[in-house]
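The values are calculated or read from the model by the stated rules, or taken from the named source; none is laboratory data. Fair warning: this is a prediction, and the values are worked out from it, not measured in the lab. When we count neighbours, we look across all protein chains shown, and the Cβ atoms used for this are built from the backbone with ideal geometry, even at glycine.
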Amino acid sequence: MPDPALEDFTVGDVIVGAPLVVTRDAIVDFARQFDFQPFHLDAAAAEATFAGRLIGSGWHTAALGMRMLQQGPFRGGSSLGAPGIDELRWLVPVLPGDALTLTFRVVGIRDSASKPGLGFVTAEVALDNPGGETVLTQRFTFMLARRGNDPLPPRPVETGVPGPVAEPEDAEILPFLRDAALGAVRDLGPYPFSAEAIVAFARAYDPQAFHLDPEAARRSHFGGLCASGWHTAAAYMNRLLTTRARDAAYTATRGPVPEAGPSPGFKNLRWLKPVYVGDIVRFSARLTDKRASASRPGWGLAFARNTGVNQRGEPVFSFDSAVFHRWEP
């Protein structure tokens with residue numbers, strides 16, 4: 001299929017995609033790899049959690065949205081990438097068996113000021129379940145070339161096989177949110193990006209050529225095989241939960257472990273540089289604000305600035321999160 005061009009979109013366009021059924025196995029498989037919280041893994045364990053039942057990971061839902069975007073508005077082709085997501089909200093849990101439908105609306109188009117022949121499309125996306133409830137909304141911008149323009153030249157990059165990565169052994173006390181110190185930073189450790197993992201994620205969720213095919217990626221403006229931005233986000237979640245599990249075990253020997261819940265969404269997600277084969281990204285989270293929940297007694301919302309830096313010290317990823325946490329014992 002030919003790649004989409006800037007001329008293919010007009011402000012006001014609305015495209016509705018074909019439904020995609022989210023199976024229980026798909027929910028659990030994604031959770032095992034990236035978001036292994038009990039309410040994504042096991043129906044019985046989920047009953048005792050904030051969620052109360054088995055639900056899909058929000059990151060899984062976002063990745064499925066990318067798959068539907070590529071199959072629908074992109075018509076099986078590839079964009080030139082996206083700088084990030086302005087805002088994403090998870091409104092209603094995704095349940096096993098839900099058939100999700102994507103609605104894509106173009107709200108802005110502009111030409112690039114620095115690269116003639118290149119432009120940006122701003123779109124709003126909603127995913128709805130069979131009951132007509134909107135489960136996810138997001139606003140984002142992606143890049144396209146005008147038809148007939150020469151492609152951007154490949155950038156010089158170094159790719160390879162990621163070196164060995166040791167799991168950190170440090171551990172910290174997990175405080176209840178009431179007692180958590182604003183400005184506290186938690187190092188979440190490194191995540192290696194192999195060719196096999198990049199391609200496997202792309203096949204499942206983001207089948208654009210520069211995530212799937214090393215040769216096509218070398219010819220693209222990326223210059224080499226690179227990870228889907230949603231793969232980078234899922235890797236952050238993996239590191240967050242891996243670190244939290246270590247901290248929870250340490251905390252349990254000294255007192256109660258505060259429970260964490262799901263997230264209502266995030267803002268200002270930026271993919272700052274491509275993550276290439278062989279890159280090792282180290283993530284961290286800094287608590288920026290907190291507040292007690294008015295609707296959930298004993299719970300609060302934790303706000304954090306989350307970042308990822310590659311092995312060369314270059315920032316590659318950032319976003320502002322909001323997550324439910326136990327406020328007090």
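Out of region 204-248, which residues are within 15 Å of the chain's Cα centre (by Cα), of a type in the set (Ser, Thr, Tyr) and under 21 Å from residue 153 (Cα atoms)?
Answer for region 204-248, where residues must be within 15 Å of the chain's Cα centre (by Cα), of a type in the set (Ser, Thr, Tyr) and under 21 Å from residue 153 (Cα atoms): just 228.
Check every one of the strands (runs of 3 or more DSSP E) wholly within region 71-134 and list those with 2 or more residues that are within 30 Å of residue 54 (Cα to Cα), hydroxyl-bearing (Ser, Thr, Tyr) and in the same structural domain as residue 50 (by TED's automatic domain parsing). Give the derivation first.
Working: elements: 84-90, 99-111, 118-128.
In region 71-134, 99-111 are the strands (runs of 3 or more DSSP E) which contain 2 or more residues that are within 30 Å of residue 54 (Cα to Cα), hydroxyl-bearing (Ser, Thr, Tyr) and in the same structural domain as residue 50 (by TED's automatic domain parsing).
For region 41-53, indicate whether the set of residues that are under 25 Å from residue 191 (Cα atoms), crowded, with 20+ Cβ neighbours inside 10 Å, of a type outside the set (Phe, Trp, Tyr) and free of Cβ contacts under 8 Å to residues at least 24 places away in the same chain is non-empty.
Checking region 41-53: not a single residue is under 25 Å from residue 191 (Cα atoms), crowded, with 20+ Cβ neighbours inside 10 Å, of a type outside the set (Phe, Trp, Tyr) and free of Cβ contacts under 8 Å to residues at least 24 places away in the same chain.
Out of all the residues in region 219-247, which are over 15 Å from residue 31 (Cβ atoms), out of contact with any Phe, Trp or Tyr (no Cβ under 8 Å at 6 or more places or on another chain) and either in the same structural domain as residue 144 (by TED's automatic domain parsing) or assigned to a helix (DSSP H, G or I) (or both)?
219, 243, 246, 247
Only one of (1) of a type in the set (Gly, Ala, Ser); (2) on the phi < 0 side of the Ramachandran plot; (3) under 15 Å from the mean Cα position of the chain (by Cα) is not met by residue 265, so which one is it?
Going through the list (1) of a type in the set (Gly, Ala, Ser); (2) on the phi < 0 side of the Ramachandran plot; (3) under 15 Å from the mean Cα position of the chain (by Cα), residue 265 breaks only (2).
Does residue 187 fit the bill of being within 16 Å of residue 244 (Cβ to Cβ), loosely packed, with under 12 Cβ neighbours inside 10 Å, at pLDDT 95 or above and not assigned by TED's automatic domain parsing to the domain that holds residue 75?
On the way: within 16 Å of residue 244 (Cβ to Cβ): yes; loosely packed, with under 12 Cβ neighbours inside 10 Å: no; at pLDDT 95 or above: yes; not assigned by TED's automatic domain parsing to the domain that holds residue 75: yes.
No; evaluated as a whole, the condition is false for this residue.
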